[in-house]
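Contents: one structure, followed by commentary.
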Amino acid sequence: MSATSSGASRFSGPLFWGIVALGFLVVLGANLFWQAKLDAEERNAIRLTTDLQVLSQQISKFATEAASGNNEAFEELKATRKRIQDNLDALSKGSDKEGVPSYTGSKDAGKPLAAVVQAWEPIGKAADTIDARNNISTVAGDNANGAAFGGDFGAAAAAQLDTPSDVAIAP
């Protein structure tokens with residue numbers, strides 16, 4: 001046997017091609033794993049941004065209700081503000097809990113995320129201002145059942161008032 005024929009057969013046998021096929025399978029498996037990880041991160045980021053859209057509508061509603069004196073709205077406002085901040089922090093800094101990387105330096109998402117964070121700052125401060133005023137107490141009137149006249153000789157907070165328009169304070 002010559003050296004040329006034995007060298008050629010070394011790279012053409014089933015063992016060689018089996019090793020090549022196994023190598024391709026390993027690379028394919030690693031690629032599929034990496035793609036699944038990236039897809040999961042993207043789905044989680046989409047979930048957080050969708051949640052931000054819903055929360056932005058809710059914070060407006062709860063801020064209006066809280067500013068109108070609805071005591072329950074203060075707690076909702078505070079919880080909604082925290083969820084918005086948590087979602088923005090997760091997208092900006094990355095979060096293992098939420099399963100997202102930091103998108104701050106991303107060429108595609110970095111600028112839009114920075115714009116959302118910048119737009120959120122005054123809204124978050126306004127929510128904090130409203131929340132700080134959570135000392136509203138009803139001293140007269142309960143219109144839970146609608147406007148009416150009633151409550152004589154009872155507790156002032158339980159009285160029903162028909163469209164009060166002014167407040168007077170007497171000594």
- Note on the structure: By residue number, the members of the range 104-132 that are open to solvent by less than 80 Å² (accessible area, probe 1.4 Å) and either among the hydroxyl-bearing types (S, T, Y) or touching a Pro at 6+ places or on another chain (Cβ under 7 Å) (or both) are S106, T129
- Item | Qualifying positions in the range 58-76 - among the hydroxyl-bearing types (S, T, Y), closer than 14 Å to A126 by Cβ and over 16 Å from the mean Cα position of the chain (by Cα) | T64
- Query: Do you know which residues across the range 57-72 are open to solvent by less than 70 Å² (accessible area, probe 1.4 Å) and free of Cβ contacts under 8 Å to residues at least 40 places away in the same chain?
  - Reply: Q58, S60, F62, E65, N70
- Taking the range 73-101 on its own, how many of its residues are open to solvent by 20 Å² or more (accessible area, probe 1.4 Å) and free of Cβ contacts under 8 Å to residues at least 60 places away in the same chain? 18
- How many residues are open to solvent by less than 100 Å² (accessible area, probe 1.4 Å) and basic (K, R) if we restrict to the range 10-56? 1
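The values are calculated or read from the model by the stated rules, or taken from the named source; none is laboratory data. These numbers were taken from a predicted model, which means no experiment stands behind them. Because the Cβ atoms are built from the backbone with ideal geometry, glycine has one as well, and the counts that use them run over all protein chains shown. Surface accessibility is based on the protein's heavy atoms, side chains included, excluding ligands, DNA and RNA. Shrake-Rupley method; radii C 1.70, N 1.55, O 1.52, S 1.80 Å.
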